[in-house]
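Everything below concerns the one structure shown next.
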Amino acid sequence: MHYDVTAANHGLRYDPFKAIVSPRPIGWITALDGQGRVNCSPYSFFNAISDKPHMVAFAGGGMKDARAFVEETGEFTCSFVSWDLRDAMNATSAPLARGESELDFAGLEAAPSHYVKAPRVKAAPAALECKWLQTVPLTSLEGVTNYFLVIGQVVGIYINDDFIADGIVDTGRMHPIMRGGYDQYFQVGSEQMFKMTRPPGGGNFDERRKA
Ligand SMILES: Cc1cc2nc3c(=O)[nH]c(=O)nc-3n(C[C@H](O)[C@H](O)[C@H](O)COP(=O)(O)O)c2cc1C
């Protein structure tokens, strides 16, 4: 099939967009508001967007609490979701009243960050501590949308030492879960990992390590 998105004539049961741009990493965003109240919620419109410096971004519709809290205090953390945390992560997406802690609601413990005031999810295998850079209102071919891209710079990184071996991070052993379309998720493990060498001059791992 091949269809015109503007005519929305795919004829499928649901919009397939998120099943195609998939699987997506999940940024589990934790932020404090000015009163020190905590908010924690998952975002799969989330990714790393630069590595010099390290920058990440997440997008949400309207003024969700994550965006509101980040803009209020200028900081946030992104924890990463391992297989064993899947139900707790899902619970934190509940539409709680602003200021009500999703961490408490999901039975999760917070751990203090080192470089920002916003805590991270203690049980997560890794987390990024971020300072807010800007929020970009997303405009489309049709004009303004109700979506906003929140961009942050990573100023600190937590990695559970259990997942570091031989000087590298063993992502597969963290068993990250990733978002598919509909109600689908994917679990990634070491079995799915494979290696490829980039063309010469293309930034090969060993060449970069020397740099
Ligand atoms: C795995 C997962 C990924 C999600 N990704 C997004 C997203 O990228 N953008 C968004 O607006 N909502 C997303 N949601 C829904 C939000 O988590 C949900 O609306 C949440 O209540 C927002 O919380 P907040 O108001 O505390 O920020 C996602 C939910 C789940 C379970």
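The values are calculated or read from the model by the stated rules, or taken from the named source; none is laboratory data. Please read these numbers as outputs of a predicted model, since none were measured by experiment. Cβ sites come from the backbone with ideal geometry, for glycine too, and all protein chains shown count toward neighbours.
Residues in segment 78-93 that are more than 10 Å from the ligand (Cβ to nearest atom) and among the hydroxyl-bearing types (Ser, Thr, Tyr) were compared, and the one that is surrounded by the most Cβ atoms within 10 Å (Cβ to Cβ) is SER79. Taking segment 113-188 as the region of interest, the strands (runs of 3 or more DSSP E) fully inside it that hold 3 or more residues being hydroxyl-bearing (Ser, Thr, Tyr) and within 26 Å of LYS18 (Cα to Cα) are 126-140. Scan segment 94-116 for residues that are surrounded by fewer than 15 Cβ atoms within 10 Å (Cβ to Cβ) and in contact with a helix residue (DSSP H, G or I) (Cβ under 8 Å, 6 or more places away or on another chain) and the total you get is 5.
Could you tell me whether ARG120 is in contact with a strand residue (DSSP E or B) (Cβ under 6 Å, 6 or more places away or on another chain), charged (D, E, K, R) and crowded, with 20+ Cβ neighbours inside 10 Å? So ARG120 passes the test. Every test in (1) away from the ligand (no atom under 16 Å from the Cβ); (2) surrounded by fewer than 18 Cβ atoms within 10 Å (Cβ to Cβ) is passed by LEU138 save one, and that test is (1).
Going through (1) modelled with pLDDT of 95 or more; (2) more than 8 Å from the ligand (Cβ to nearest atom); (3) not aliphatic (A, V, I, L, M) one by one, GLY99 falls short only on (1). In this entry, VAL188 passes the filter for residues that are within 16 Å of the chain's Cα centre (by Cα), crowded, with 17+ Cβ neighbours inside 10 Å and farther than 25 Å from ALA31 by Cα.
Quickly run through segment 21-77 and pick out the residues that are within 11 Å of the ligand (Cβ to nearest atom), small (Gly, Ala, Ser) and surrounded by fewer than 18 Cβ atoms within 10 Å (Cβ to Cβ). If the condition is that a residue be within 11 Å of the ligand (Cβ to nearest atom), small (Gly, Ala, Ser) and surrounded by fewer than 18 Cβ atoms within 10 Å (Cβ to Cβ), then GLY61, GLY62, ALA68 are the ones that fit.
Residue check: THR145 meets all listed conditions (1) modelled with pLDDT of 95 or more; (2) loosely packed, with under 12 Cβ neighbours inside 10 Å but one, namely (2).
Evaluate segment 156-169: report whether one residue or more is at negative phi, within 15 Å of the chain's Cα centre (by Cα) and not hydrophobic (A, V, I, L, M, F, W, C). Scanning segment 156-169 turns up at least one residue that is at negative phi, within 15 Å of the chain's Cα centre (by Cα) and not hydrophobic (A, V, I, L, M, F, W, C).
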